[in-house]
Structure formats: C-alpha cells, structure tokens
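Every number in this text was worked out from the coordinates using simple rules, so none of it is lab data. Computed from a predicted model, the values in this text were never measured in an experiment. Using ideal geometry, Cβ is built from the backbone for each residue, glycine included, and neighbour counts are taken over all protein chains shown.
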Ligand code: HEC
C-alpha cells in the first residue's frame, strides 16, 4: 500500500490551488482595489441627491432600455471629442455618488446624456421627443414611446399634463397626455446636469512634473 498521493490526486490539487490563486488575484484587482480607490470619494458640492420622483424616472430609464443606446460618461478630450460635441467635461467618480447602479452605458447609438438637463432644459421638448423623436430630429433612429402617453378625444382632465406637440402631430380634437411615469422620466432627465466644476485634479507627482517641464528634442 503506498502512502503517497496518486498522479490524479496531485493534478486535482494543482488545479484547485491554481484556480484559487487566479480567483484571489482577480478579486484583489477587480473588487478590492476599486473599492479602496473609490471609498473616500465625496459627492461634489454642486450635486444634489435624486428626489423620489427622479429615482422612479431612473427606474423607467432602465426598464425602457435607454441605457442600451445612451452613455452617461463624457470622456476626456484626449480620448474623445465629447466636450466639443457639447456633452460636457469629462466625468469624475463623484458625479456618480448617488447613482446605484451607475448607468455609464456601453453604446452610443444616441448622444451622451450625463448633462442633458443642462443642454436641453425644456420639459415640453423631452415629452414631445419621447412621443415622436422624428418630429424633433428628422431621421432619428430613436424609438418612439407611444405607450408612455394617452391619446384622447376632447379635453384633458384637471391635473393632467398635456404635451405641447409641434403642429400637425396630434389630430384636431385630440390631446396627448403624459402618464405619471413619463413625467418622472423627464424629471430624471432634467436632473442630469453635472456642469458644476469637477474636483481639482491631484497634483502631478514630482518625477512626471519635471519630465514634462523638460523640452523634448
Ligand atoms: C435605439 C437606440 C435608442 C434608444 C433605445 C433610445 N434612444 Fe434616445 N436617442 C437615440 C438617438 C439616435 C438620438 C439622436 C437623435 C434624436 O435626437 O432623436 C437620441 C436622442 C435622445 C435625446 C436628445 C439628446 C440630445 O443631445 O439632444 C434624449 C434626451 C434621449 N434620446 C432620451 C432617451 C430616453 C429617455 C430613452 C429611453 C426611454 C431613449 N432615449 C432611448 C437613440 C436611442
């Protein structure tokens, strides 16, 4: 009877310990380090927490898939000409202090929306654009969201918000009324305004400061 481990057992041991090493490396890199880097980030003074209605609108933004076509992360001018597109300064970690989960997005089928509230502050515009994007941006490939509205004959009921559409979009005698969740969504869009100054960048380390000071041939 042999006391040593068989070749099969050795392989199993190596496989498990190899997997543990890779898993702990990945956890340190992707979970622990980002946590340590971001745990002391404070919300900037200019950023207000979302109201209850804006949070409901944010849920509707997620539920309706806006995040699949719109990013919320204007990039630095060195990476992309976002500032010249009018999308605002490069975002910083603090801009997302109240965003759980953040809605950075991965696709830009449409424009970045992190500063849409500053760029387009008209509630009427947003409501009409959701009802029919092509009435505002000819040729737009953004879907229209007719189910966010009620189209009715005659007058609106008291307390309802009638959408002021461009001429010709609503039939005579018809009113287009925004549903409460649509008003919440637009309220959320209007809250997207990170135009306050970003926190001052950290001073450059001495070594790289002297390197940039030197003239290169
Ligand atoms: C299939 C991709 C797609 C989806 C989904 C989508 N959009 Fe868009 N969106 C676009 C495109 C393309 C434009 C640019 C043309 C236009 O203005 O309609 C745009 C423009 C916009 C604008 C105007 C941006 C500006 O800078 O003027 C807003 C606001 C907006 N979308 C909000 C939304 C919201 C809210 C949702 C979800 C309810 C949504 N979008 C879903 C593609 C999309």
**Prompt:** Restricted to region 179-189, and to residues that are more than 10 Å from the ligand (Cβ to nearest atom) and outside any loop (DSSP other than H, G, I, E, B), which residue is farthest from the chain's Cα centre (by Cα)?
**Reply:** 180
**Item:** Residues located in region 100-111, provided they are more than 8 Å from the chain's Cα centre (by Cα) and within 13 Å of the ligand (Cβ to nearest atom)
**Value:** 106, 107, 108, 109, 110, 111
**Item:** Cβ-Cβ under 8 Å pairs, at least 6 apart or on other chains, region 85-101 side over 12 Å from residue 194 (Cβ atoms), far side within 16 Å of the ligand (Cβ to nearest atom)
**Value:** 85/111; 85/112; 86/119
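Do we find a residue being under 20 Å from residue 197 (Cβ atoms), within 7 Å of the ligand (Cβ to nearest atom) and in contact (Cβ under 8 Å) with a residue 40 or more places away in the chain anywhere in region 116-130?
Yes, region 116-130 contains a residue that is under 20 Å from residue 197 (Cβ atoms), within 7 Å of the ligand (Cβ to nearest atom) and in contact (Cβ under 8 Å) with a residue 40 or more places away in the chain.
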**Asked** In region 102-115, what residues are closer than 21 Å to residue 84 by Cβ, in contact (Cβ under 8 Å) with a residue 40 or more places away in the chain and surrounded by fewer than 21 Cβ atoms within 10 Å (Cβ to Cβ)?
**Response** 109, 110, 111
**Message:** Just to verify a result, which residue in region 125-147, among those that are over 22 Å from the mean Cα position of the chain (by Cα) and in a helix (DSSP H, G or I), is surrounded by the most Cβ atoms within 10 Å (Cβ to Cβ)?
**Reply:** 135
**Item:** Members of region 158-178 found to be over 28 Å from the mean Cα position of the chain (by Cα), closer than 24 Å to residue 60 by Cα and assigned to a loop (DSSP other than H, G, I, E, B), listed by number
**Value:** 159, 160
**Residues satisfying the stated conditions in region 64-90, i.e. within 8 Å of the ligand (Cβ to nearest atom), surrounded by fewer than 19 Cβ atoms within 10 Å (Cβ to Cβ) and over 15 Å from residue 106 (Cβ atoms)** = 64, 86
